[in-house]
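We did not get these values from a lab; they are worked out from the coordinates using the rules stated. All values derive from a computational prediction rather than experimental measurement. Heads up, the Cβs are rebuilt from the backbone with ideal geometry, glycines too, and the neighbour counts pull from every protein chain shown.
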Amino acid sequence: MIYNMYDTKDVEELGKLRKTPGIQLTRKYLPSIDANIQGYVVNTLEEWKEIKDRFPEIVTCRTDSRIDLENINQHGATRPKNDIDDYIIEVSNKFKNPYFICLELEEGTNERIYTQGGFVLDCTVGEDIKVGYCGPGFDCGEITKGLSEHEAWVIPWNASSITSPNAVNEFRINKISDKEYRKSVVNRMVFLIKEYPYRKKEICDEFFANKAHYSGITPELFETLQKEVLIPIYRSQKDLIYDGLNHFGIEINVVKGNRLVPFEIEMPAIFKVEEKGDSYLEKNANREKSRFFSQAEQQKNLLMRYGKAKGMILTQKYLPKLYPFNGIRVISSKSQWEEIQDEYPDRLTTRTDTLIGDTRNVRIDGTGGKKELISGVIDQIKEQNPEGVLLLLDKKTETLPRYENDGGFNVQFNNNESVIIELTGKGFDAREITREKGVHERYVIPWDLVLFMRNKSDLLKNRFVDKEIISDKDYEKSREERIKFLKSVDENIEKVEDVIPKKYKPINSDTIENILDDIVFEVYKRQADFYRDGLKNFNVQGNIVRGKLEAWEIFRPERLIPRDNKNRKKQEDTER
């Protein structure tokens, strides 16, 4: 069957394919730069021959497949239309039941050798836009296939960032070295020569000319991307959400005169979320992965809409060894809780949360603990914010009473300047740090000394590390406040007073060593990955339970703002 991509009667059938609907979407969301003149989808060589005469001499042909069948991952072809026959035969011999998207593009927009670059965008509405770029001679296929990426940016989803005249410098997270760039040039030449063997001399002349060093994207090209893609996409956010496009990709090539040519808007049902969230250079090993969202991925995207839940998902991604939960459940009403409460033990772990961007924060002490208190907690949440929710956390181990914690920790990473380790002792948890109720130990490590800090002895002896241990008087005050809090949430007051030491006992060296090994060094090693998620200034927070670290949340920059403002106010009050 021959389908016309732009005939409404064929929309339903074409919607069953992977790539085709995304190509159609470029006309809806990026009409000013859409370069498709006509497009047909065919299933066989015979069908292609029926429509061949409708096309000019040069045709772009891309493979596609049904969503319910295995993905066909094959480079497209831009060739003289008589050579498209061979391409269809080649693909049909390799794969079962392929479809072929046959496109006529505006003149000059389907060049492969003299491209001026390519972009791949990973857009999450309300959060950020991740941009990957390859320079002249390359195209967006290099990025989508995980073969190469020359520069990358993470731009927050807000008008001031997306329109910023300095966005090209302000939000850059990666730029390829000359050594890696030259390697990518060789790989690109090999691919093009294989694709166009009759143009070998032309390819070699083009790539040997000015490609020994990577000169970087021009400010003019990045500004064009902002004006013609980023801003229109940002302004279309209501339509995107209506169409179910909360998380999607965009593939774009750059041709002569810095003209942008969109190839596809990758819809959520096929967008390679996991691959495009990782380093593009590592995706080569994962090329054959399915593009389906699994049910778990869909649930994860739901959770990522909430502030604390997103921080917990990030912890699972970056610090899986320390992540203490099997899963998270969002409860938005008492009736919802009543339906499932029998599934839970008498003591469980919960947290309150709100949608990202909602300024009506929910602050309730004592949300965790006894099952019988949950209905009352939900009432309190709704009083403060009707959109607020309760997170039920399925812990891998038994939920213990708060006073049985060995302590809490907060590790703050300050944009490659310093690492601050804050600790509370036996019977306390990270709540005391978040709510600024008290810190029992604090170590400030300059970034360039991080790798030299191996244990507590190093922290205490190094004169460049600022350290602070709570005084006996201040600890006595914090102990009184902690006991008062635990009593207010109906804990066993006699046990509480017995368990929490009357005199502060410093955190042991093994725990400090684990924080350095499993958090500080782990973040240090994966700086580029954290930057890709927009994390330059953030906290890792959790508790110490039975001698082991439990990392609960990565506090993103947005979650740090209230605390920073409070600190600033305290400082101003002190100065007065």
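Data table
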quantity: If the convex hull is drawn through the Cα atoms of region 59-100, its volume per residue in Å³; calculated: 57 Å³
quantity: Crossing angle, helix 472-488 versus the chain [Cα axis fit, 0-90 degrees, rounded to tens]; calculated: 80 degrees
quantity: Calculated diffusion of region 111-289, Stokes-Einstein form, Kirkwood radius summed over Cα pairs, 20 °C and 1.002 mPa s, µm²/s; calculated: 128 µm²/s
quantity: Fraction in percent of alpha-carbon pairs per bin - 5 Å, region 402-575; calculated: 1, 8, 17, 20, 20, 16, 10, 5, 2, 0
quantity: 10 Å binning of all Cα-Cα separations within the chain, expressed as whole percents from 0 upward; calculated: 3, 15, 23, 22, 16, 12, 7, 2, 0
quantity: Value at 222 nm in deg cm²/dmol, rounded to 500, when DSSP H runs of n ≥ 4 in the chain each add -39,500 (n - 2.57); calculated: -9500 deg cm²/dmol
quantity: Relative contact order (%) - region 402-575, alpha-carbon pairs under 8 angstrom, separation at least six; calculated: 27 percent
quantity: Highest to lowest packing among 429-437, 454-462, scored as the average C-beta count within 10 Å; calculated: 429-437, 454-462
quantity: The chain: relative contact order as a whole-number percent, Cα under 8 Å and 6+ apart; calculated: 11 percent
quantity: Around E417: net Lys/Arg minus Asp/Glu count, Cβ-Cβ under 14 Å; calculated: -1
quantity: Rg/Rg_ref, region 1-108, where Rg_ref = 2.2 N^0.38 Å and atoms are Cα; calculated: 1.00
quantity: Compactness of region 4-52 - radius of gyration and Dmax, Cα, Å; calculated: 11.6, 34
quantity: Angle in degrees between helix 307-318 and the longest Cα principal axis of the chain, rounded to the nearest 10; calculated: 70 degrees
quantity: Prolate/oblate/rounded label for region 178-264 (Cα gyration tensor, a/c 1.5); calculated: prolate
quantity: Relative contact order, percent, region 299-395 [alpha-carbon distance under 8 Å, six or more residues apart]; calculated: 37 percent
quantity: Peptide ranges 305-311, 90-96, 318-324 listed from the most packed, as the mean C-beta count within 10 angstrom indicates; calculated: 305-311, 318-324, 90-96
quantity: Cα-Cα over 21 Å, subset of K28/K96; K175/K536; K382/K495; K456/K548; K426/K473; K321/K548; calculated: K28/K96; K382/K495
quantity: Exceeding the 22 Å Cα-Cα cut-off - candidates K9/K145; K9/K238; K370/K487; calculated: K9/K145; K9/K238
quantity: For region 133-174, fraction of C-alpha pairs farther apart than 11 Å, in %; calculated: 66 percent
